[in-house]
Amino acid sequence: MSYPINHIDGLDADEVETLKSLGIRTTERLLEAAKSPRARRHLAERSGINEKRLLKFANACDHLRIKGMGRGYVGLLHEVGVDTVRELRYRKPENLARAMADANKRKKLVRFLPSQKLVVRWIEQAKKLPLMITYKDRAENSSRNGRRRPQEI
């Protein structure tokens, strides 16, 4: 699902306007523009928004691709340590639902807690979604694997 970028918690009004001036008006477009380290660096240079913040917002956009996931639930997942869709894939629904209930009791992030049934659906969807965000550059990955990238001439 795609939402307007002002649907992302933590983006301030200036950042929203800056991103809109760059043609990024939806969560889908922001996810596309910040999906790799190279893309985030490029977007950070153009927007003046820190790369780490861009990654946080890209991860929030990635979560919003899951049906039934609203911005409050993204914040609640973040509060219990599930920052990425990749991490969500490996969570146990009953443990996650309990952790979310505890966190919400302390911080009052959402009005209605997701049911365990909904959490199960989120995890199932996360397993089916193609991964969109990369966290390391190819050059870094290939050098770790003992291979070098061919030099451009």
Q: Considering only region 56-87, state which residues are touching a residue at least 60 places away in the same chain (Cβ under 8 Å) and in contact with a Lys or Arg (Cβ under 7 Å, 6 or more places away or on another chain).
A: A58
Q | Residue selected from region 78-111 under the condition hydrophobic (A, V, I, L, M, F, W, C) and not in a loop (DSSP other than H, G, I, E, B), by the criterion surrounded by the fewest Cβ atoms within 10 Å (Cβ to Cβ) | A | A101
Q.
Name the residue that is modelled with the lowest pLDDT, counting only residues in region 118-153 that are of a type in the set (D, E) and outside any helix (DSSP H, G or I).
A. E152
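Results for (1) surrounded by 15 or more Cβ atoms within 10 Å (Cβ to Cβ); (2) assigned to a helix (DSSP H, G or I), shown as yes or no for each residue.
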| position | (1), (2) |
| --- | --- |
| L11 | yes, no |
| E17 | no, yes |
| G23 | no, no |
| R41 | no, yes |
| I49 | yes, no |
| C61 | yes, yes |
| M69 | yes, no |
Q) Out of the residues in region 29-39 that are in a helix (DSSP H, G or I) and charged (D, E, K, R), which is farthest from Q116 (Cα to Cα)? A) R38
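The values are calculated or read from the model by the stated rules, or taken from the named source; none is laboratory data. Given the structure is predicted, the values throughout are model-derived calculations rather than measurements. Backbone-built Cβ (ideal geometry, glycine too); neighbour counts: all protein chains shown.
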